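Chemist: The structure follows.
The values are calculated or read from the model by the stated rules, or taken from the named source; none is laboratory data. None of these values were measured; they are calculated from a predicted model. Cβ atoms come from the backbone with ideal geometry, glycine included; neighbour counts cover every protein chain shown. With ligands, DNA and RNA removed, areas are computed over all heavy atoms of the protein, side chains included. Shrake-Rupley method; radii C 1.70, N 1.55, O 1.52, S 1.80 Å.
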Amino acid sequence: MNSVIVNNLRFNLYLRHEEVIASIEKLALQLNKDLKDKDPLFIVVLNGAFVFASELITRFEGNCDVTFVRLASYEGTESTNSVRELMNLTENVENRTVVIVEDIIDTGLTILMAKDKIKAAGATDVYIATLLYKPKAFKHNYYIHYVGVEIPNDFIVGFGLDFDGKGRNLRDIYKIAE
Ligand code: 5GP
C-alpha cells in the first residue's frame, strides 16, 4: 500500500518491510560480532519495540536473556518532554551486559532515563540498539551504539510503532503526509 489512514490521518509509505528487515540483519551481524560471548540481557522498551525486538533477538546467536520495560513519552504525534514508567524493570542487571532495544530515538529522553537507571542498578555495560533514529530531533549527547535507519524529523507509524494505539500491525513503515 502506498498510503494508509490511521486514526483519520494519512500516512505515506516510507520504508518497505524488506528494507527494514535488511537493516535489522546488519544490526544483528554487528551484535553477534560484539556481544556473542557476553550473555547479554536484552531490555525491550514496550510497546513500540516488540516487532523490532523479535526480529533482532531471533538473529542473535549467543546466549542471552530478554526482559521488558514499558515507557511512554509521546501523546498523539508529539513528545511530551517527560517519560512515564508504566512497567518497571524486574530483572537483576548487576554485572550484566545490557542491550536496550528501542523502536525509535527522537529527543533521546526516554533512553537517557532508561540508560541511567540501568547503570545505577549495577549493569557492567549498557548498549543501545534502536531501529530508527531522528538525528535532527536528538537533544542529548550520549552514544547510540546500534542504529538501523536514520530518518528525518517526521512522525512515522508501522512495524510496531503506533499513532494513538493504532498502526502497530502495519508491515511497512509510513510517514505522516504533509
Ligand atoms: P524520545 O524520548 O527519544 O523523544 O522519544 C522516544 C519515544 O517516542 C519512542 O519510544 C516512541 O514511543 C515515541 N516516538 C518518537 N518518535 C516517534 C514517531 O515518529 N512515531 C511514533 N509512532 N512514535 C514516536
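Chemist: Past 22 Å, Cα to Cα, is the threshold; run K115/K139; K26/K166; K36/K136 against it and keep the listed order. Walk me through the intermediate numbers first.
Modeler: Working: K115/K139 15 Å; K26/K166 28 Å; K36/K136 32 Å.
Where the Cα-Cα span goes over 22 Å, the pairs concerned are K26/K166; K36/K136.
Chemist: On the accessible surface of region 1-134, probed at 1.4 Å, how many percent belong to carbon and sulfur atoms?
Modeler: On the way: 3030 of 6660 Å².
Carbon-and-sulfur percentage of accessible area, whole number: 45.
Chemist: Could you give the dipole magnitude of region 61-178 about its Cα centre, charging the beta-carbon of Lys and Arg +1 and that of Asp and Glu -1, in debye to the nearest 20?
Modeler: It works out to roughly 140 debye.
Chemist: Continuing with the same structure: Work out, step by step, the length gained on full extension between D39 and Y143: first 0.36 nm times the residue separation, then minus their alpha carbon distance; give nm to one decimal.
Modeler: So the extension gain works out to 35.3 nm.
Chemist: Given a cut-off of under 8 Å on Cα pairs at least six residues apart, what relative contact order in percent is computed for region 3-176? Working shown, then result.
Modeler: On the way: 360 pairs, mean separation 45.8, N = 174.
Computed over region 3-176, the figure is 26 percent.
Chemist: Let me ask another. Hey, could you grab the Kirkwood Rh for region 100-163? Inverse mean 1/r over distinct alpha carbon pairs, Å, one decimal. Spell out each step's value before the answer.
Modeler: Working: mean 1/r = 0.0812 Å⁻¹.
Mean inverse Cα-Cα distance, inverted, gives 12.3 Å.
Chemist: A further question on this structure: Stretch I176-S54 to full length: gain in nm at 0.36 nm per residue minus the Cα-Cα span?
Modeler: Values: separation 122, 0.36 × 122 = 43.92 nm, distance 2.52 nm.
That pair, I176 and S54, stretches by 41.4 nm at full extension.
Chemist: Something else: Normalised radius of gyration for the chain, please: alpha carbon Rg relative to 2.2 N^0.38 Å, two decimal places.
Modeler: Compactness ratio reported: 0.99.
Chemist: So if R0 is 22 Å, what FRET efficiency would N12 and N153 give, r being the distance between their Cβ atoms, rounded to the nearest 0.05?
Modeler: 0.90
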